[in-house]
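To start, the structure under review is shown below, and the notes come after it.
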């Protein structure tokens, strides 16, 4: 074994090891203070290099080593991962970043090991094409890592650039044709000085040219992700709502629930409850593993605030995990994240003294942007505007509160004040947020309204939805203002609040619940209230009163308060009624024409036959004479051919014969016309027969004169 072989094996191993570093951001956890995949991959590459050098030293056939490596790798995988065939699907459905467990690391380490063995063995006794094996193996590793992370680990292409440079240096500088000497040594593997300088200059030039271009690279939001090929397990969201616990926690204000350290946001979310069916609130969202969730239906705006904290569970129980905004990393096992709200659920529930790390982003509502922000269209935010069978008094009350608001933010702030004013917060108030409960809360028959934060927040959400503001109900923990970590959050910090979605901003919380000490408002929201107050004073001076939701409402008001579904049913009923009345009117007009034609004798009977031809879709053409028409009827309907001929004779006699002359036979012209009409109708298409008695076309032929 010569020094040249050692150098080439080291070069091949370095290429594979460098490519495997792209796997690092795909895994959480560290080993030896390094990302978990780094020491594992280096160990696999080192073992592959030792096998290649041993093959060269012992002069073993390379195919035997490759076969042995394949068998040993398969055995090792089956020992580490009991169901090895499910290893890759399990990795693709794991959280992102995936936990550094044997089940998730085994597929990647095995691929790196096999690729390193192939690359190093190719350099033991190289042929002309051996120089391409190691770069190809490194490229394959890099491609697999990019697919696993959807291209997010080397978005600027720096590792790819390093692979190109190392490949170029190896191709230019490493010897591949140095024959062994008679004594078993080797001829000097050094290249001429000119080749070395040329290689270095070319490498530096390539770096200077490619590096700026690689720095411009960015990951497309629609980049291919192999996770889309695997069905991600989703958690059944039958988790108990924390709303009934609000009264219990509020009554035990000093009960420690969790301890928070780090950089937490102002609020921690327990549960997001956007779905309401008239009696209770729930979350029927898309719960899946962290990092594998699809894009939220209403995404956060570009302005966000990052947080990073550690949580220690003290007395908090249940399945809801304290989180905030859009979590990007959480090191709890067996959890699911709602793609739309970011709410986190622990499948096995929380336990005492459990600890976890949480990082993510929350929407940062810029005051200037928020002041002019709009809300998405109704079809986009339909889930957060749904109010099934909501009583009309809610919508009336909401419109009275936002009558003077000119922007969406002013509407949201005005509703906050509307729900807060004249009502009192009490932690001992009964729980419940159904329509019946909230109707008593908003419009009490006597006395003042008293409720927990559940009633204040739920009332706000329904009122906001009735005026077109997408909103949802949230239960969480409010950090004390100015608190420094570590801070212990107690039962008194748990409350419910509403959130409104603004386009380009995200979900913004509001505080309609009046605490005993009062709630401070931000300066922009206080300015909105001041403007609305000035507008209200001006309207009072002009005699403009606010609408009373309990006052007697007229028909126009009640009609405008109907829901979209009720309005659609009302319009549909009106259309059906109008169509029915129109059919009846046409039927009456047709019957009157029939009576007039019968009174006219033979001439009227002939006109009845002409009407039948019109209704059947075969009206007489202008050039056709009466004789031609009678012949056509007789030809198309042989059963009434004789009646058609006799009716023609009677009609011509009645029209052109001198007065006083008559036909000797009895006048049965109308019976003949009825028989002809029946035959024509039977031969007509089905849809013409369906509208035969109300078809208005014959009415346009003028009123018959008798």
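Readers should treat all values here as calculations from the given coordinates under stated rules, not as data from a laboratory. All figures in this text were calculated on a predicted structure; none of them were measured in a lab. Cβ coordinates were reconstructed from backbone atoms using ideal geometry, including for glycine residues, and neighbour counts include every protein chain displayed.
List of remarks:
- Note on residue 421 and residue 147: with the Förster distance fixed at 51 Å, the Cβ-Cβ geometry gives a FRET efficiency of about 0.35.
- The fewest-to-most ranking of 670, 11, 63, 171 by surrounding Cβ atoms within 10 Å reads 63, 171, 670, 11.
- Each label was represented as a point 7 Å from its Cα along the Cα-to-Cβ direction; for residue 450 and residue 383 these points are 3.8 nm apart.
- Remark: spin-label model distance residue 354-residue 400 equals 4.7 nm, labels positioned 7 Å along the Cα→Cβ axis.
- Ordered by the count of other Cβ atoms within 10 Å of each Cβ, fewest first, 680, 50 give 50, 680.
- Extension gain, residue 596-residue 440: 0.36 nm per intervening residue step, less the Cα-Cα distance, totals 49.6 nm.
- Normalised contact order of region 459-507, rounded percent, pairs of Cα under 8 Å and 6 or more residues apart: 42
- Centre separation in Å (Cα based) which lies between region 242-311 and region 628-648: 85
- Theoretical FRET efficiency, 1/(1+(r/R0)^6), r = Cβ-Cβ of residue 66 and residue 155, R0 25 Å, to 0.05: 0.10
- Taking each residue as 0.36 nm, the span from residue 284 to residue 34 lengthens on full extension beyond its C-alpha to C-alpha distance by 86.0 nm.
- Applying 1/(1 + (r/R0)^6) with r as the Cβ-Cβ distance of residue 578 and residue 653 and R0 = 41 angstrom yields a FRET efficiency of 0.35.
- Distance in nm between pseudo-label sites at residue 317 and residue 431 (7 Å out along the Cβ direction from Cα): 1.3
- Taking only the C-alpha atoms of region 577-701, the Rg (one decimal) and the largest Cα-Cα distance, Dmax (whole number), read 15.2, 52 Å.
- The length gained on full extension between residue 693 and residue 74, counted as 0.36 nm times the residue separation minus their Cα-Cα distance, comes to 214.6 nm.
- Across region 577-701, the mean sequence separation of Cα contacts (distance under 8 Å, 6 or more residues apart), normalised by length, yields a relative contact order of 38 percent.
- Residue order, fewest to most surrounding Cβ atoms within 10 angstrom, among 297, 154: 297, 154
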